[in-house]
């Protein structure tokens, strides 16, 4: 043992000695000389002193030797190195934080950044373009990038003209490998155009889109075009003729007997007749009713040989809001898109509607025999959570396993391109029509042909061709398998297990089921990344709740403290749900004795209560953005507005509250709709609402008329007949939102009282940082409306005065 190294014994009697303090002081001084980067030497000295003065309470009279006890010198060196290491981490973190703040600042320079007073945070509204169609062609990431380049160009030159664009655009991918600068100049600076005209940001975006179109034409073949689209995430779209032919055949089959459409059917798939027929809005409304019967009241559809602009727009608005109400995602589709018959958007919407129709029976409520697909009771819960597509795959694999097929089909594309899985499946479902050659054939094309011939003998509609099977068309293969399930699912109808389990599982309150449907459709209409199929099961991990909260209250979610699905650890689910509950309480929701574990456990009552408050908060926020005045938007305020509005038209109906039983006949809501738009209700179609049948007719008409105006609502006729308080509030608030939005548009368009013509521009909307309107489910695309003579005396100014006086 060296002279300067002594084994240290610690005892209560002599925790510190002068010698130890002197040694510690000397070593501290030495370490300070060796480590000049340490900011506070007193901290190290304190640590060393503390290391020699730990109290030992268990054996006060027994000195305890520290095993391999380091000397004060080595202890100090270790602490210095540790402190240096932590200091480096701090500097790295500080550097990253500065970079992050600079990126925020860059976004701030090119985007509107408004104060949002909920929770003391901010709301990032993103880049907004006044032309809504143009806004929908770009993601927010693209808009921010292009806006930054536009601002930089404008700062350099003072203004932006077409001549300034080629040097900038030629540097962007993939234009830099497709065009030369001279070619871009020839495209953008057309002969006869004034190259010196100033361009605003919208003009810059249109030039960019023009260049994209020319790039696709230059690439020529579809393979290169597809790679171009994938590389640029552009707005160019290709239309698959095979899909169009199948959708046309489906429409011809299901709507050929329609009284109005039969004069236009059958549609010729080789032409653009489908897109021309969509332009008046009737076809899609009828197709929605085929997918989900009675969604739209036929009395609300404008069906004339020649429709004016107003009537066409009403049909398109009714179609889009009804499509949302059956589960379609139409976030980036507007009424103007349908009026123009834009092929890729029209086919996308038709595809969703047909898919909903074909998958309607793929749930345990309508097909309890599906329980035959699971072996254990624990798997039933998993089956409930599956989407219709996953259930269809599970059904397909169930029969393939019985047929001796060794592979597992996981998709409707690559796994069935060779047609072998189809051959085995059809042999199990319809052995009497089997084709032995289909299984043993080594030629995929021949096998695909035999498979479709087998399906025809089963009287199944042909949703695809042999080429579609070989190409792996996902949509068409999904439609074909769904049709096979619909015609012959091969499941036992007499399974006692199915009946017992079905009776136990489906013993739900009807009201709970209706509310679950309403909230599910509302959530899916918000445009969040996750599509839900079952509210009670899909919300249990908390992730979707956080997505909803971030959508209706931007910036409220701390995403650094969340876990994204799939989540295996239960406590991670609880963490997500706890944060959702915590944010709900910050938004003043009533969540007494509610915790994250309640949501994880699937407590239906608490989940529905939470979702109702989310839905109500969203609507009140939308009204608040339009109604930026002194009064707070409350339930009572909405009720008083509705009563005052109806009274202003000379009607006598009044609503005491949202539980008023007199609302069941629907007359009050029809009068309210008439007060905000006199032409929208045809009173010749309204009944007195005495019997239940008359009440249902009125309720169905109310829902369709409200959707035709632009109200996106998810209630059912039964909700009006039974006076569901929550749904009555949402219906009234949606009508009020439409009215205030119209008043805002009129105020922005002119300071005086003028008549707004149908040729006016589409209504502007507010956009969040993902390019989706913050109005979410309650925003609609419609033209400004011209008032008739009966309403022309009431100006927008007087309307706003009426509201202010409430």
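Considering every residue within region 583-598, establish whether at least one is closer than 30 Å to residue 743 by Cβ, more than 20 Å from the chain's Cα centre (by Cα) and in contact (Cβ under 8 Å) with a residue 60 or more places away in the chain. Within region 583-598 (the criterion being closer than 30 Å to residue 743 by Cβ, more than 20 Å from the chain's Cα centre (by Cα) and in contact (Cβ under 8 Å) with a residue 60 or more places away in the chain), the answer is yes, since at least one residue qualifies. Suppose we filter region 291-311 for residues that are at pLDDT 90 or above and in a helix (DSSP H, G or I); how many remain? Residues that pass the stated criteria total 4. Put simply, of 607, 532 the only residue that is closer than 21 Å to residue 381 by Cα and modelled with pLDDT of 90 or more is 607.
Inside region 306-328, residues that are closer than 15 Å to residue 738 by Cβ and over 21 Å from the mean Cα position of the chain (by Cα) make up a count of 2. Taken together, the residues in region 403-429 that are in contact (Cβ under 8 Å) with a residue 12 or more places away in the chain and part of a loop (DSSP other than H, G, I, E, B) amount to 12. Of the residues 346, 333, the single one that is crowded, with 20+ Cβ neighbours inside 10 Å, outside any helix (DSSP H, G or I) and under 21 Å from the mean Cα position of the chain (by Cα) is 333. Residues that are at pLDDT 75 or above and not in a helix (DSSP H, G or I) do occur in region 171-178.
Here residue 501 passes the criteria (1) at pLDDT 80 or above; (2) over 33 Å from the mean Cα position of the chain (by Cα); (3) in a helix (DSSP H, G or I) except the one numbered (1). In the set (1) at pLDDT 85 or above; (2) outside any helix (DSSP H, G or I), residue 459 fails one condition alone, (1). Under the condition of being under 11 Å from residue 546 (Cβ atoms) and either touching a strand residue (DSSP E or B) at 6+ places or on another chain (Cβ under 9 Å) or in a helix (DSSP H, G or I) (or both), the residues counted in region 559-577 number 5. Go through the residues of region 431-442 one by one and say whether even a single one is in contact with a helix residue (DSSP H, G or I) (Cβ under 8 Å, 6 or more places away or on another chain), part of a helix (DSSP H, G or I) and closer than 24 Å to residue 253 by Cα. No: zero hits.
The values are calculated or read from the model by the stated rules, or taken from the named source; none is laboratory data. Because the structure is predicted, anything quoted here is derived from the model rather than measured. Backbone-built Cβ (ideal geometry, glycine too); neighbour counts: all protein chains shown.
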